[in-house]
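Chemist: Questions regarding the structure given below will be posed in turn.
Rule-based calculations on the coordinates, nothing more; no lab input. The structure displayed is predicted, hence computed values, not measured ones. Neighbour counts run over all protein chains shown; Cβ positions are idealised from the backbone, glycine included.
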């Protein structure tokens with residue numbers, strides 16, 4: 001009898017660990033790890049992370065402190081462009097924009113696959129896909145857009 005109980009406990013433990021492994025590896029559709037795996041956000045994070053320290057410096061130098069995203073008076077497009085070229089560079093910006101565009105395409109493709117929901121299951125409950133994106137990138141939506149805009153500026 002003891003052998004049967006031990007065997008059942010081991011099987012139960014094994015099944016639970018397989019389930020968690022499948023969850024954490026992104027195998028189960030409709031979960032946060034699967035969503036991150038499908039949209040390949042790790043690629044965008046890898047190239048975007050190095051410019052995150054430049055964003056606060058950019059804000060301090062060119063944006064009004066409480067201006068809701070307004071540029072300081074007297075700041076020209078050339079001032080901003082030369083700052084971005086110096087701090088980030090055209091090549092790195094090109095790579096960032098390519099990766100971000102690729103992720104956006106993958107997000108569109110993923111959103112067309114049924115079931116079309118804006119949430120996925122995570123260990124802390126259902127989460128909005130948009131929130132997962134910015135949480136994973138470890139950046140606010142405004143800072144992400146500002147970083148993207150900086151790169152668009154020197155690519156144009």
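Chemist: When you go through (1) without any contact (Cβ under 8 Å) to a residue 12 or more places away in the chain; (2) within 19 Å of residue 32 (Cβ to Cβ) one by one for residue 78, which number turns out not to apply?
Modeler: (2)
Chemist: In the stretch 57-98, how many residues are under 25 Å from residue 136 (Cβ atoms) and either loosely packed, with under 12 Cβ neighbours inside 10 Å or in contact with a strand residue (DSSP E or B) (Cβ under 9 Å, 6 or more places away or on another chain) (or both)? So that I can check it myself, show each step before the final result.
Modeler: Of the residues in the stretch 57-98, the ones under 25 Å from residue 136 (Cβ atoms) are 57-59, 69, 84, 87-89, 91-98.
Filter again for either loosely packed, with under 12 Cβ neighbours inside 10 Å or in contact with a strand residue (DSSP E or B) (Cβ under 9 Å, 6 or more places away or on another chain) (or both), leaving 57, 69, 91.
Qualifying residue count, the stretch 57-98: 3.
Chemist: Okay, next question. Please indicate, with yes or no, whether at least one residue in the stretch 122-132 is part of a helix (DSSP H, G or I), touching a strand residue (DSSP E or B) at 6+ places or on another chain (Cβ under 8 Å) and buried (at least 18 other Cβ atoms within 10 Å of the Cβ).
Modeler: So the first thing to find is which residues in the stretch 122-132 are part of a helix (DSSP H, G or I), and the list is 129-132.
Checking which are touching a strand residue (DSSP E or B) at 6+ places or on another chain (Cβ under 8 Å) leaves us with 129, 132.
In the following step, the residues that additionally are buried (at least 18 other Cβ atoms within 10 Å of the Cβ) were identified as 132.
Checking the stretch 122-132: at least one residue is part of a helix (DSSP H, G or I), touching a strand residue (DSSP E or B) at 6+ places or on another chain (Cβ under 8 Å) and buried (at least 18 other Cβ atoms within 10 Å of the Cβ).
Chemist: While we're looking at this one, here's another question. In the stretch 106-134, what residues are under 20 Å from residue 43 (Cα atoms) and either touching a helix residue (DSSP H, G or I) at 6+ places or on another chain (Cβ under 9 Å) or touching a residue at least 12 places away in the same chain (Cβ under 8 Å) (or both)?
Modeler: Taking the stretch 106-134 and keeping what is under 20 Å from residue 43 (Cα atoms), we get 106-111, 129-134.
Result: 106, 107, 109, 110, 111, 129, 130, 132, 133, 134.
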